[in-house]
Structure formats: structure tokens, C-alpha cells
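**Q** Encoded as C-alpha cells, here's the structure I'll be asking about.
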Amino acid sequence: ICEAGGCVIKFQAKEQEGPFAMDVRAYGEHTLTLATSEGHVITEAVVFLMPPERIRPSRRYEFFDALNNERIQQMSYAITDSFGRRTRIDGVREIALVLDDVLTLPDGVTLVEVFGVDFETASLRFLKFGNCVRSEATDSVFFNQIGSLLRGQLRIVLSWSDRPKDLDLHCVSSKGGHIYWSNKIAGEMQIDMDVTKGQGPETITLDPKPGRSYRVFVHNYTGSKIENIEKVVDNDLAFSVASIQLFDGSGASPQMWEVPSNPVENRLYWEVFTIYMADDKTIKLVANNELLALRPEKPPAPGKEMKNAGLVAYALHAISNPSNYPLSETIKPSPGPPRYSTPLPP
């Protein structure tokens, strides 16, 4: 960019995605080179790249019940650092990470597992890199109560950072039912929690019915009401550090999706996944995980979606007996022994 005082180079580094985002070697000092197509170096500069907000640790994690947003007083947690060293702490109401003194965690991927007598285990990962922490120093971790789901029911939990203030969780069925903050119950779908001041949770309990499909998406309600361009950027859904957990009541760790960090252009909708349930109770989940400018349409009925195994990104437990089968396979209940479709890739 040439200005009165001379020319300057401005650049934006594309965020690392997938496993590369958690590689500590992607960050720190790097050399930025501007060269011609023939290889002639025009200039070089040293730049310092930091991990994106969504994978940094918070200084403090507080525990809440996803169903009623009440603070949980007694939990245990175990931290496994990048060297494989595991530390367990019992009987606490929050996690306070020590990042600045002799007890500093080493740089690299850190795993945190949180568990309690009355709640299903939750886990989270972050990349420890120097003193980089989230701008919102306190995060909330939401848990599903053991026994709070009947057999076959699912619970969907949305959480995010302090900005945008108001994200709304939606679910629309192939029969036209639609639940969100203004219409909390529609047959087998129900909004349990609606939060308008950041963090979450927004919670849906779903009791899927044979022959129906259910599409889950998120609307950036705050972003839809802002006209000031600077505030729009600050409240972009791509910067919300939002995630969705899916609990099936089996006690297994929930499946999780994180909001995409690209593109950054104030797309107001995040389409997360669609659940298809055939007449014989075969159930499959197809993950879209995409930011959209327009509201997602209602999903098609199961039909051909159930026949095309190549479309399946994730699978749920068999509705007939969810505690006996792993999440890595699709189960089709039948009068005889269970029949398995092709195992899904990791």
C-alpha cells in the first residue's frame, strides 16, 4: 500500500485449521517474504503469529448445569500437559490455571477432563503458548446431569464467549416444527435454556421420531441488530468461540463442534448438523458445520439420506440400546443380532 510517506505491506495470516491449529510450531516468530514470481526477494520482515482465540486457554473455568444454568459446587478435574504429566484435583467449584509463575504449563496441547458424581464427564483441549489467553478470562463449562435424559433422547448445548451477547439455538424438523427463543416447544423438540448476556448455555432436548429429520443451527441475533461496522466485526459469529455439544444420555463424552473461524464477513447463521431417523429407527447424523448468510431451510425427510453412507459424518448410538455401542459406528436395530454399517473414519 503506497502512501505519502512511502509504501507499507499489510497482511492477514489465514488461521490454521484442523490438527494444524493445535501445532505449537505454527506460532511464534516467522519470516514474511515478499518476492517476485521469478524469485527475486523484494523485502523480508519478522512477524510474530499467535494462536487464534478459540484454542487459547482461559485463566478460569466455572462449572454449570446445562439444563438450568445453576452453578455446580463439587467437581473433580484432571489436567494432562503436553509432556503427558497428569494432575488430578478433587472437590472444587472451578478450575484456576496458573500461567505466569514457576508452575507454568509447558507449551503444547493440554487436555482437561472434568467429572462429578451426578454429571457426565466433559473434556476440553487448548493450546498453551506463552502467556496467550482468551480475552474473556473466564469461561463456563456446561454439564449434562446423569439420568436427565430418557432412553433415545438427545440434548444439544450451545456455549460461547461474552461476545456476541445473544446467540440463539434453533432446531427445525422435516415436518415444519421450529423451536427457538420465541417458540420453545414444538412436539418432540423443546428449548430448555435461553441466554441473552453471553456465555450460554442455550439448550435443546430432542426426542427424535421415526421418519423425521432435525436440523440444528445457530443465529447471531446480536449481529443482526448492529449497523456500526466496527461493532459488527467485534460481534462476528466467526469470533464467538462458540461450540455445540451433543449428549445422548449414555455417559460417553459428548460429540462437539466448534464454530468455523472463516469467513469473517458477518454471516449470521451457523448450520451445525442434521439428524435423520428412518422408520425402522436407524439414526444418522450429517455434520455441515458451515457459516451461512441466509437461514437454513427445513431438512428433507430421511429418504435417500439414510441410504447414502458416504454422506454420514458422525453416528449416534442405537436408539434401542444406547449404552452398548460405540459412537464410531452406525447401528441399525433389527430382530436378530445388530447389523453394522461400514465403520466411519476418525
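**Q** Could you please find all residues in region 191-209 being buried (at least 16 other Cβ atoms within 10 Å of the Cβ) and of a type outside the set (D, E, K, R)?
**A** Answer for region 191-209, where residues must be buried (at least 16 other Cβ atoms within 10 Å of the Cβ) and of a type outside the set (D, E, K, R): 191, 193, 195, 198, 199, 200, 201, 203, 204, 205, 206, 208.
**Q** How about region 258-280: which of its residues are open to solvent by less than 30 Å² (accessible area, probe 1.4 Å), of a type in the set (Ser, Thr, Tyr) and modelled with pLDDT of 90 or more?
**A** The answer is 274, 276.
**Q** Another one. Open to solvent by less than 100 Å² (accessible area, probe 1.4 Å), within 30 Å of residue 147 (Cα to Cα) and without any contact (Cβ under 8 Å) to a residue 40 or more places away in the chain: is that true of residue 35 in this structure? Please lay out each step first, then the result.
**A** Working: open to solvent by less than 100 Å² (accessible area, probe 1.4 Å): yes; within 30 Å of residue 147 (Cα to Cα): no; without any contact (Cβ under 8 Å) to a residue 40 or more places away in the chain: yes.
No: the conditions fail for residue 35.
**Q** Ok, one more. Mind counting the residues in region 68-84 that are in a loop (DSSP other than H, G, I, E, B) and either among the charged types (D, E, K, R) or touching a Ser or Thr at 6+ places or on another chain (Cβ under 6 Å) (or both)?
**A** Within region 68-84, residues that are in a loop (DSSP other than H, G, I, E, B) and either among the charged types (D, E, K, R) or touching a Ser or Thr at 6+ places or on another chain (Cβ under 6 Å) (or both) number 2.
**Q** While we're on this one: Answer with yes or no whether residue 14 is touching a residue at least 24 places away in the same chain (Cβ under 8 Å) and open to solvent by 100 Å² or more (accessible area, probe 1.4 Å).
**A** Numbers: touching a residue at least 24 places away in the same chain (Cβ under 8 Å): yes; open to solvent by 100 Å² or more (accessible area, probe 1.4 Å): yes.
For residue 14, the condition - touching a residue at least 24 places away in the same chain (Cβ under 8 Å) and open to solvent by 100 Å² or more (accessible area, probe 1.4 Å) - is met.
Listed here are the residues, each with its yes/no results for (1) at pLDDT 95 or above; (2) open to solvent by 10 Å² or more (accessible area, probe 1.4 Å); (3) out of contact with any helix residue (DSSP H, G or I) (no Cβ under 6 Å at 6 or more places or on another chain); (4) among the hydroxyl-bearing types (Ser, Thr, Tyr).
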position	(1), (2), (3), (4)
158	no, no, yes, no
164	no, no, no, no
211	no, yes, yes, no
216	yes, no, yes, no
234	no, yes, yes, no
249	no, yes, yes, no
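The values are calculated or read from the model by the stated rules, or taken from the named source; none is laboratory data. Keep in mind that what you see is a predicted model, and the values were worked out from it rather than measured. So basically every Cβ, Gly included, is an ideal-geometry build from the backbone, and we count neighbours across all protein chains shown. Please note that ligands, DNA and RNA were not included when accessible areas were found on the heavy atoms of the full protein model with its side chains. Shrake-Rupley method; radii C 1.70, N 1.55, O 1.52, S 1.80 Å.
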